[in-house]
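Input: a single structure, listed below in structure tokens.
All of the numbers you see were taken from the coordinates with simple rules; none came from a lab. All values derive from a computational prediction rather than experimental measurement. Quick reminder, even Gly has a Cβ in these numbers, built from the backbone with ideal geometry, and neighbours come from all protein chains shown.
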Amino acid sequence: MKILVTGGAGFIGSHTIVELYNSGFEPIIIDNFSNSDPSVLLGLEKILGFPVKYYWDDCNDAVILEEIIRKENIKGVIHFAAYKAVNESIEHPLKYYINNVGSTATLLEVMLKTGVKNLVFSSSCTVYGQPENIPVLETTPRQAATSPYGNTKVICEDLIRDTVGSNIPLKAISLRYFNPIGAHHSGLIGELPRGIPSNLVPFITQVAAGLRPKLMVFGNDYDTPDGTCIRDFIHVVDLAKAHIMALKFLQEQSGTNSYDVFNVGTGQGNTVMELINTFEKVNKIKVNYEIGVRRAGDIEKIYGNVEKAEQLLGWKAEKTLEESLEDVWRWEMKLRQG
Ligand code: WQD
């Protein structure tokens, strides 16, 4: 079965391409490479042993999207394509709404026009804002998102939910990611941040690799065991596998319309310092860091209750924090070897 993967050359997208092949699907990538690098295609070819079919196009373009879906006889879509830098979304909100919301609306329109009935959407725990109670359940109220980025995810979830509710044949799932980290164990694909990494783990690996002088830890005065923020750090391969289980769940569902959301995390929380210490321990390397002031917009603590995905999708994260940090260091080292 051919699956269109928008943003398939991205960090999570590329790891999902591998798992789609491993599960007998045939993924087709559409990516405009605005936030990913074509070198990912070489890494995928080395892992898979053959080139992955891709279209260097923008999924905001309804005409091209329809051409691809019809030509490839697409039966399902995984929609990753989006900008995802929280800080950038605050500086350039319109760019985020046009791209993230616009591409989802365009995709839905073309799916309905071409009769594609299965959609897995890349959502985010950021829709919860700072929850009152953790771990968060899927029924935890979504808060007025703390950033335009988060708000685009809330709007896209509602776009999809309401389209399903309009009884036009569509079965969809939104997966709410927590903090994806790690890399494929081969070290051939991984996260490729552009410029200065905004996320914690790529910043750590670049400091450890000597590319940056030190890591600034954004605050240690939070109400947590060591004062640093708590997050649910999930291996990107576990996250990729959740998309396969979601597709299979949709295929098995009877009826023409359904919509559901699932938390996709480990169900465990770790502090920033625990992550730094674990990285140093498993990789036997020091990370030069300094405790700084809090970063605007950061939430104090969040991690997910992931029982629903286990019970309904038959999915559960399997990799440990240690494995994630070993895998990501291997990727950083291979990246630097060129
Ligand atoms: C994690 C922690 C920082 C960098 C991410 C994605 C967002 C969404 C949710 C998918 C925070 C601290 C970070 C640094 C630091 N994911 N930190 N120094 O903010 O949880 O958001 O997950 O949709 O797209 O960005 O992740 O890695 O930026 O921060 O101390 O140099 O690490 O304060 O506590 P975040 P992050």
Report task. Please enumerate the residues belonging to region 24-40 that are farther than 12 Å from Gly7 by Cα and outside any loop (DSSP other than H, G, I, E, B). Result -> Glu26, Ser39
**Report entry** Hits in region 159-187 (condition: outside any loop (DSSP other than H, G, I, E, B), more than 21 Å from Met245 (Cα to Cα) and among the β-branched types (Val, Ile, Thr))
**Finding:** Thr163
Query raised in the report: Pairs, please: C-beta under 9 Å, at least 6 apart or cross-chain, first residue on the phi > 0 side of the Ramachandran plot and in region 213-240, second small (Gly, Ala, Ser) and near the ligand (Cβ under 9 Å from one of its atoms)?
Result: Gly219/Gly292; Gly227/Gly219
Query raised in the report: Considering only residues of region 190-208 that are away from the ligand (no atom under 11 Å from the Cβ) and more than 14 Å from Glu326 (Cα to Cα), which is farthest from the chain's Cα centre (by Cα)?
Result: Gly195
Query raised in the report: Only one of Ser186, Ser166, Ser147 is surrounded by fewer than 21 Cβ atoms within 10 Å (Cβ to Cβ) and free of Cβ contacts under 8 Å to residues at least 24 places away in the same chain; which?
Result: Ser166
Query raised in the report: Which number in (1) more than 19 Å from Asp223 (Cβ to Cβ); (2) within 19 Å of the chain's Cα centre (by Cα); (3) within 14 Å of the ligand (Cβ to nearest atom); (4) among the charged types (D, E, K, R) marks the one condition that Asp298 misses?
Result: (1)
Report task. Identify all residues within region 74-105 that are buried (at least 18 other Cβ atoms within 10 Å of the Cβ) and more than 16 Å from the ligand (Cβ to nearest atom); write none if there are none. Result -> Ile74, Lys75, Gly76, Val77
Query raised in the report: Within region 54-73, which residues are under 21 Å from the mean Cα position of the chain (by Cα) and either surrounded by fewer than 19 Cβ atoms within 10 Å (Cβ to Cβ) or in a loop (DSSP other than H, G, I, E, B) (or both)?
Result: Trp56, Asp57, Asp58, Cys59, Asn60
Report task. Mind counting the residues in region 119-158 that are over 21 Å from Asn100 (Cβ atoms) and either within 14 Å of the ligand (Cβ to nearest atom) or not in a loop (DSSP other than H, G, I, E, B) (or both)? Result -> 4
